[in-house]
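Since the structure comes first, as structure tokens, the remarks are kept for the end.
The values are calculated or read from the model by the stated rules, or taken from the named source; none is laboratory data. Bear in mind that the values here come from a model prediction, so they are computed numbers and not experimental data. Ideal geometry is used to build each Cβ from the backbone, glycine not excepted, and the neighbour counts take in all protein chains shown.
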Amino acid sequence: MCGITGLIYNDKDRQITSSTLRRMTDIIHHRGPDDEGFYINQNVGLGFRRLSIIDLHTGHQPLSNENESIFIIFNGEIYNYLEIKGMLINKGYAFRTDTDTEVIIHLYEEYGTQCLQFLRGMFAFAIWDNNIRQLFCARDRFGIKPLYYYLDKDKFVFGSEIKSILRAEGIDRTVSNEALDSYFAFGYITSDLSIYKNIKKLLPGHYLILSPLEKSSLIIKRYWEIAFEPDYTKTENQWKDELEASLSETVKLHMISDVPLGAFLSGGIDSGSVVALMAKNSNFPVKTFSIGFKEKEYNELEYAAEVAKKYNCEHHQLIVEPESINLLPKLINGYDEPFADPSIVPTYYVSRFAREYVTVALSGDGGDELFAGYNIYNSFNNLYHSHLNFHSSFLNKLIWGTIHRIIPTNGRGKTKSYFLSKDKTYLGAYQFLWPEHERRDLLLSRMQTEVLNSSSEHFKEDLLRKGKTNDFITNLQYLDLQTYMVDDILTKVDRASMLCSLEVRVPLLDHKFAELSFKIPSNLKLNGSSLKYIFKQTMKEFLPQKVFDHSKQGFGMPLSLWFKEDLREYVNDTLHTQSPLYSSYLDKKVVTDTIINTGNNIDNQSRRLWSILIFEEWLRQNNS
């Protein structure tokens, strides 16, 4: 795993300075503490930090082809690189290293942008082709690895993290009101947005091409999208056999490493399944790592221990205490923009804990999106089939109180909402922190003009309409794949783990396995009220019964308890200052009311207060 960055001036006579490129690269040292590398060719500069995983001795980057006309910087892992390498050798290509990086550069030489169709893995890379003076960047299919970019009339800047881009000269730091609306709606920033108006994300499954000497030369294209093509001809047992074989194969591929490897083990079905199949494919005990809390309702350590015992794992566990809040400034710096998922704290701790023993860890992320595992799917499926035909605008403006009585907050500060489109074909369900009408009170009026007709709710509704299927559950899965999974779950894990220089791999999001999962009819995913039915049936013989019997907990954090007790002083010190920075964006009375309501445990508003705390700390670090 690595960090990449680059700068290209539109003026071919404007020389990149080594000091600028080094500033941009040094700031992401945590993503690659083992090595660094630079490529400068007049107006083009590429920077690289390396965390050595495969081919520890000859994997230096930037890496070139034989005649040094093409250079690549690459962040990620290609799990089928040996297979591709054999194919390329048969075509006459010679290899100087044993890295997956060199496979990509020769694939590009042979197939151009079509090289992406061959790659099986997680990646973000940039290729500078000096033959045609062109930059080619790509991001993996699900967005496991990040890539941000900035474009103005003078330059194009990109990087694994926003902080690299900000180290270049002349970067516009205007805050995006649209991104803030998304942040306070969901706790994360969706789509191609970033907190800065002119810094964008390259979306998952997309690539870009830049020809700096041509005007309007930035081209962005999608190269992959998952297909929803249910196959009704197979029996349940046939699906179970295919799922087990496919997951076993992808887990085995994800275990390729020249450094110590282990797994996160949460006590749930997904991570337990990954560990079980790692044990099946390993001759040595699997190293496993678990995080827990002293609050019982947030603690799954006993279930993780059951799995570890079954497979004779080398198991390690850690209890996280409220003192973890001292990490907040470091974590905000690591994420570069406001990010309000409180599980960043335990995710960082389990990553740091694992890094004491291994350099690579496998996780179980992706299972809920692929197999309909969220409780909300069940709730809203029942509503959908009860024909509760409400339109979103009607919902938000007229019957909000009624919906709160029908579907109260879920106990961890997330309010549930649902809507039905005008043609009564698509029902969407999602969770958010501040519903639209409450964000209008929270955000100052000067900020609302930009988002008046394009609120975050509308963005998700538009995505739902693009679900390309008449199946309700499949559309909800599509919505989560495009938003919550990539912009919350995968972002959280990448930043927290890379702060600890730990590579985290996600075998459930191997695209071959994911494509298989979306051939399974949705009634085998949500079967009656049974979530993830077919996946549970597949893994039943692999996991202890206790793992299936306990209620789904997720990787949450007891914010409401901590705010009432240990963290009250921290809240007062941070938000009750004379001139809080958030007051330039948020209504102070609404913030004060949120603090009071959290202390009184009204509507369990701790997640809302957390989002304000995160925003204030981000402003303190970036108020320049």
Scan the range 68-88 residue by residue and report those that are among the charged types (D, E, K, R) and either in a helix (DSSP H, G or I) or surrounded by 20 or more Cβ atoms within 10 Å (Cβ to Cβ) (or both).
77, 83, 85
How about the range 1-35: which of its residues are part of a helix (DSSP H, G or I) and under 25 Å from residue 144 (Cβ atoms)?
24, 25, 26, 29, 30, 31
Residue pairs qualifying under the 7 Å Cβ cut-off, at least six apart or on distinct chains, with the first in the range 180-198 being under 17 Å from residue 609 (Cβ atoms) and the second being part of a helix (DSSP H, G or I) and small (Gly, Ala, Ser), are 184/611; 185/456; 186/456; 187/611
Any residue in the range 567-586 that is over 23 Å from residue 447 (Cβ atoms) sitting within a Cβ distance under 8 Å of a residue that is among the aromatic types (Phe, Trp, Tyr)? List the pairs, counting only those 6 or more apart or interchain.
571/563
Can you pull out the residues in the range 7-35 that are of a type in the set (Asp, Glu) and either farther than 26 Å from residue 499 by Cβ or not assigned by TED's automatic domain parsing to the domain that holds residue 210 (or both)?
11, 13
Residue by residue through the range 269-317, note down the ones that are among the small types (Gly, Ala, Ser), over 13 Å from residue 363 (Cβ atoms) and touching a residue at least 60 places away in the same chain (Cβ under 8 Å).
276
Quick one: in the range 179-212, which of the residues that are basic (Lys, Arg) and surrounded by fewer than 21 Cβ atoms within 10 Å (Cβ to Cβ) is nearest to residue 148 (Cα to Cα)?
200
Go through (1) surrounded by fewer than 20 Cβ atoms within 10 Å (Cβ to Cβ); (2) aliphatic (A, V, I, L, M); (3) within 26 Å of residue 77 (Cβ to Cβ) for residue 151 and report which single condition fails.
(3)
Would you kindly identify the helices (runs of 4 or more DSSP H) lying entirely within the range 448-547 that contain at least 2 residues that are touching an Asp or Glu at 6+ places or on another chain (Cβ under 6 Å) and in contact (Cβ under 8 Å) with a residue 60 or more places away in the chain?
456-465, 472-482
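One line per residue, one yes/no per condition, for (1) of a type in the set (S, T, N, Q); (2) closer than 30 Å to residue 475 by Cβ; (3) surrounded by 22 or more Cβ atoms within 10 Å (Cβ to Cβ); (4) under 26 Å from the mean Cα position of the chain (by Cα):
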position: 250; (1), (2), (3), (4): yes, yes, yes, yes
position: 258; (1), (2), (3), (4): no, no, no, yes
position: 263; (1), (2), (3), (4): no, no, yes, yes
position: 292; (1), (2), (3), (4): no, no, no, yes
position: 302; (1), (2), (3), (4): no, no, no, no
position: 309; (1), (2), (3), (4): no, no, no, no
Residues being under 16 Å from residue 484 (Cβ atoms) and over 15 Å from the mean Cα position of the chain (by Cα) - total across the range 180-225:
3
Quick check on the range 63-88: of everything there that is closer than 25 Å to residue 510 by Cα and small (Gly, Ala, Ser), which residue is farthest from the chain's Cα centre (by Cα)?
86
Within the range 270-289, which residues are farther than 19 Å from residue 357 by Cβ and either part of a strand (DSSP E or B) or in contact with a Lys or Arg (Cβ under 7 Å, 6 or more places away or on another chain) (or both)?
281
Of the conditions (1) outside the structural domain of residue 74 (by TED's automatic domain parsing); (2) not in a loop (DSSP other than H, G, I, E, B), residue 178 fails just one. Which one is it?
(1)
Within the range 547-556, can one find any residue that is β-branched (Val, Ile, Thr), modelled with pLDDT of 85 or more and either under 25 Å from residue 438 (Cα atoms) or buried (at least 18 other Cβ atoms within 10 Å of the Cβ) (or both)?
yes
So how many residues does the range 89-100 have that are assigned to a helix (DSSP H, G or I) and within 32 Å of the chain's Cα centre (by Cα)?
1
Please count how many residues of the range 223-247 are more than 24 Å from residue 116 (Cα to Cα) and small (Gly, Ala, Ser).
1
Note down all Cβ pairs under 6 Å where the first residue falls in the range 81-97 and is closer than 22 Å to residue 121 by Cα, the second is assigned to a loop (DSSP other than H, G, I, E, B) and at pLDDT below 95, and they're at least six residues apart or on different chains.
97/55; 97/58
Going through the range 124-151 in order, the residues found to be on the phi > 0 side of the Ramachandran plot and part of a strand (DSSP E or B) are none
Positions within the range 13-49 being at pLDDT below 90 and either surrounded by 22 or more Cβ atoms within 10 Å (Cβ to Cβ) or over 23 Å from residue 138 (Cα atoms) (or both), in sequence order:
32, 33, 34
Filtered residues of the range 271-289 (kept if surrounded by 24 or more Cβ atoms within 10 Å (Cβ to Cβ) and under 26 Å from residue 344 (Cβ atoms)):
271, 272, 273, 274, 275, 278, 286, 288, 289
With the condition being over 30 Å from residue 356 (Cα atoms), I'd like the strands (runs of 3 or more DSSP E) fully within the range 205-269 carrying at least 1 qualifying residues.
206-210, 219-222
Every residue from the range 152-174 that is out of contact with any Leu (no Cβ under 6 Å at 6 or more places or on another chain) and assigned to a strand (DSSP E or B):
155, 158, 159
